[in-house]
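Reading through the structure tokens given below for one structure.
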Amino acid sequence: MKKFMPPIILAVLCFLPLVGLSSYAMHILVLVIMWSIIGMGWNLLGGYCGQVSFGHAAFFGMGAYSSGLLYYHFGISGWWGLLVSIPVLTITSLVIGFICLRLRGAYFALATLALGEVLRVTAENLVKFTQGDLGILIKQRTWVEKTWYFYVILLLAAGSFLLVKKVMESKLGYYFVAIREDQDAANSLGINTTLYKTIALCLSGVLTGMAGAFYMNYMGYIDPTTVFPLYDISIVTVMVVMVGGVATYWGPVIGALIMVFLAEVIRSMPKIGAAHQTLFGILLIFIIIFLPNGIVGDFRKITGLFKPRGALK
Amino acid sequence: MAAQVELFLQTLISGFLLGGLYALIGLGMALIMGVMRIINLAHGDLMMVAMYVAYWLFTLFHIDPYLSVFVATPLLFFLGVGLQKFLINPVMKVESILPHNQVILTVGIGMILANLATVFFTSNYRSTPVSYASKAWYLTDFWKNAPIELSLSAPWSLSFLAAVIITVALWFFLTKTDTGKSIRATAQDIDAALLMGVNVGVMRAVTFGIGAALVGGAGCLFIPIYYLYPSLGKQFTNVGFVITVLGGMGSTEGAIIGGVILGIFESMTATYLGMGWAPVGRFLIFVAALVFLPGGVASILRKQRLGK
Amino acid sequence: MSLLQIQHVSKRFGGLAALTDVSYSVEKGKILGLIGPNGAGKTTLFNVVNGFYPPTKGEVLFKEERISHLQPYQICKRGVGRTFQVVRPLQRMTVLDNVIASAFLRAKDKAGAERIALDALQFTGLYDDRSLVSKSLPLGKRKKLEIARALATQPEMLLLDESFAGLNPFEQNELIDIIRKVKAKGITIMIIEHHMKVIMSLSDQVVVLNYGEKIAEGTPKEIGNNPLVIEAYLGEAERA
């Protein structure tokens, strides 16, 4: 049964636009799927490989800007950004990895946080190249309807899900978890920890960057504070995975669903809307204290379905 | 030429004064890091809370910000103890896949504090226009024929002086009192401290309280020379952890030196590259410290003590 | 032929000398016991051989090749496996997955890794526990798991750091049998141990460290009669 879940869900999602959902509902769906991809990317590095990043906005923003700058400087379609973001993010990840991956635990988290902020400030200050705070606007949107955006992001998400699953069932996956559990032990068991952490970082960066490139094309406008923010991207990414379930396949999807809906519900309430970060913060604290493995991770525990079948669950 | 020298020296002076205040922020974070082994990412937000306390005391009751140190530090101490006891401490016992849950928790706390400040006080910039805000001493006042002109701002000097006093008071507390000694013992070796009968749980709460009080004090010293808005905490959290890493995780002496280095470095970047680049300079120093000096300033101090 | 040669190895931490000019070699197919009081530098020496610390002075040769500048994973690839004093199984993995993770070193694919892993589990008597989560294992089995993981990297030499600490006599005997079987496979062993009974019955050669220096080397019998050793080590053990 479990084996058929992903294709069934995918099929249902494929037919969803045919039901005639409102533009707003489609928008929410697109956001949920986009955040799932970011979450999957983070989970690969943070959840499975144990390298917690507080700076995934760096990858998201780099992806968004690869797309935006291609359009702005060369006048070609922003969609090329989806492809271009792959090498750009690989290089970004290699550079970030070279600086940060020699650090462990909280030091790594802080270094990524710092680099995310550096990129934001750089994007703000390199006015000639990025237009600084003015941001980049794609004047002509590709589609008016949300349906095609939905299919593009759905395809990306299905690909990401498959990629994560394949990676985690292979040698890479075993090595990631081994590194998360004990780096020294992994190292003395013949695992080149730096190499495999770098691979995890690259995969994570590319997935997140592609989501960023999509975002540029979908929203049609970016500026440094919308794509490089600490709280609204980096921390929300951590929350998506923590709420859904660290180191689970479906955790990022469930987490994205909850976080996006919650954000929308909170924002739509006139008095409470301004306090959405407070409510997010309270949710984060609640999850950390009561459901440290997230909804998917602790769901099994609650329902007694938890049978340890492998580390990769 | 003289103008160049003047600019350089002036930048150096303001960097040094800024560094003294930064040291106070870094000290609180280093203490928490030393005893609890976590980075408190709500540090700057606690400072923001203290700044609002000072702001409202000034605006409503005309209490001088320097006097509100005596109100804000105890207040922040209790806030810190409460946060540690009721939120951070319970998480230490929760078993989870990721070992950084406490750090993520402090992010959550910071997020809530910053957001609540926006809700209650709006995101307007505020300041405390004290009467002596623009008072300054000039080099030519003392030395008529000085070849260059340097100035020393009164509120900056006052804040710096107060920071030094608080630092010295902290040093006395840590080295002369029983509680202080217990905190240092806990920071050095938790197991040994436990064996010596130190109540580590209480020490953690007290340390978090002191860390919060220190940064609260720094907030009161900052407000006469700075402005205030709800999300300013993030920037000072960054300052705090850059200093903590630069100084050597958990080292108090290191934090003081790290604070001064960072203050001077930031002043220099602001003067010679432009205000907007100061955060980049801060992070460059941070990354450089992580990569080239992983033990921080403290590791150099330790080597010298061993005569190597 | 000596498989591992430790040549004038010194290790300093800041001003502290953890090892001073230690030299000896381990013969192929033999078991070498490394003993000494607490803080004598035994684990430090393992960490040097294993690649965690570069030696301050001196060299380590494995099969005539200098390995003292290599990373632990490279040294493992060349055929040196190790276990840790504090058992460190990959907590949230099952026993089998734990061993598969290290078996990938010599396997082409997952099926191959699984085969190697199951062999290692059978060898150490953990086959029936293969689907348990590692952190639920009792200490005795976790120590065996450590050995199984190291064996799955198919080493020519195995470094065992206090595998017997905390075991009851029954588990100790089981482990002695396993180590004898490992030796019978032709794997050279260097073992740190506090239990004199274990060392004396297993080792072909014993090296004694005290304050980071080698104070004696010889057969178990010679060591048992060496006055220096009795003073430094056995004396302390009796007092304790």
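The values are calculated or read from the model by the stated rules, or taken from the named source; none is laboratory data. Nothing here was measured: the structure is a model prediction, and the numbers come from that model. Note that we place each Cβ from the backbone using ideal geometry, even for glycine, and neighbour counts take in every protein chain shown.
Below is a table of values for the structure above.
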quantity: Residue check for C:Tyr24: out of contact with any helix residue (DSSP H, G or I) (no Cβ under 9 Å at 6 or more places or on another chain), among the hydroxyl-bearing types (Ser, Thr, Tyr), outside any loop (DSSP other than H, G, I, E, B) and closer than 29 Å to C:Ile176 by Cα; calculated: yes
quantity: In the range C:1-33, the residues that are β-branched (Val, Ile, Thr) and either closer than 25 Å to C:Ile179 by Cα or free of Cβ contacts under 8 Å to residues at least 24 places away in the same chain (or both); calculated: C:Ile6, C:Val26, C:Ile31
quantity: Whichever residue in the range C:60-76 is buried (at least 16 other Cβ atoms within 10 Å of the Cβ) and in contact with a strand residue (DSSP E or B) (Cβ under 6 Å, 6 or more places away or on another chain) and, among such residues, is farthest from C:Thr188 (Cα to Cα); calculated: C:Ser68
quantity: Helices (runs of 4 or more DSSP H) wholly inside the range A:1-117 containing at least 1 residues that are at pLDDT 90 or above and more than 30 Å from B:Gly296 (Cα to Cα); calculated: A:23-42, A:56-69, A:80-100
quantity: Any hit, the range B:132-139, residues being surrounded by fewer than 21 Cβ atoms within 10 Å (Cβ to Cβ) and within 14 Å of chain A (Cβ to nearest Cβ); calculated: no
quantity: Among residues of the range B:144-170, those that are over 24 Å from B:Thr11 (Cα atoms) and in contact (Cβ under 8 Å) with a residue 60 or more places away in the chain, counted; calculated: 2
quantity: Filter result for B:Gly15 (within 14 Å of chain A (Cβ to nearest Cβ) and within 22 Å of B:Pro155 (Cα to Cα)); calculated: no
quantity: Residue list for the range B:50-90, filter: within 14 Å of chain A (Cβ to nearest Cβ) and surrounded by fewer than 19 Cβ atoms within 10 Å (Cβ to Cβ); calculated: B:Gly82, B:Lys85, B:Phe86, B:Leu87, B:Asn89, B:Pro90
quantity: Subset of the range A:117-144 (residues that are within 14 Å of chain B (Cβ to nearest Cβ) and closer than 18 Å to A:Met216 by Cα); calculated: A:Leu119, A:Arg120, A:Ala123, A:Glu124, A:Thr130, A:Gly132, A:Asp133
quantity: Long-range neighbours under 7 Å by Cβ, at least six apart or interchain, first residue in contact (Cβ under 8 Å) with a residue 40 or more places away in the chain within the range B:181-209, second small (Gly, Ala, Ser); calculated: B:Thr186/B:Ala193; B:Ala187/B:Gly34; B:Ala187/B:Gly250; B:Met203/B:Ser182; B:Phe208/B:Gly80; B:Gly209/B:Gly80
quantity: Residues of the range A:161-183 that turn out to be surrounded by fewer than 24 Cβ atoms within 10 Å (Cβ to Cβ), within 27 Å of C:Val49 (Cβ to Cβ) and more than 7 Å from chain C (Cβ to nearest Cβ), as a count; calculated: 1
quantity: When residues of the range A:257-273 are limited to those that are part of a helix (DSSP H, G or I) and charged (D, E, K, R), the one nearest to A:Val238 (Cα to Cα); calculated: A:Glu264
quantity: Subset of the range C:28-48 [of a type outside the set (Gly, Ala, Ser) and touching a Ser or Thr at 6+ places or on another chain (Cβ under 8 Å)]; calculated: C:Lys28, C:Lys30, C:Ile31, C:Leu32, C:Val48
quantity: Close pairs (6 angstrom Cβ cut-off, 6 or more residues apart or separate chains): more than 17 Å from A:Val260 (Cα to Cα) in the range A:208-234, outside any helix (DSSP H, G or I) and at pLDDT 90 or above anywhere; calculated: A:Met216/A:Ile222
quantity: Long-range neighbours under 9 Å by Cβ, at least six apart or interchain, first residue more than 9 Å from chain B (Cβ to nearest Cβ) within the range A:95-113, second assigned to a helix (DSSP H, G or I) and among the aromatic types (Phe, Trp, Tyr); calculated: A:Ile96/A:Phe59; A:Leu101/A:Phe108
quantity: Single unsatisfied condition, B:Val260 versus (1) over 30 Å from A:Thr278 (Cβ atoms); (2) in contact with a Ser or Thr (Cβ under 9 Å, 6 or more places away or on another chain); calculated: (2)
quantity: Helices (runs of 4 or more DSSP H) contained entirely in the range C:41-151, each with at least 2 residues that are in contact (Cβ under 8 Å) with a residue 12 or more places away in the chain and at the interface with chain A (Cβ under 8 Å from one of its Cβ atoms); calculated: C:72-77, C:95-103
quantity: Complete set of residues in the range B:30-79 that are of a type in the set (Gly, Ala, Ser) and under 13 Å from the mean Cα position of the chain (by Cα); calculated: B:Ala30, B:Ala42, B:Gly44, B:Ala50
quantity: Odd one out for A:Val241 among (1) touching a residue at least 24 places away in the same chain (Cβ under 8 Å); (2) more than 10 Å from every other protein chain (Cβ to nearest Cβ); calculated: (2)
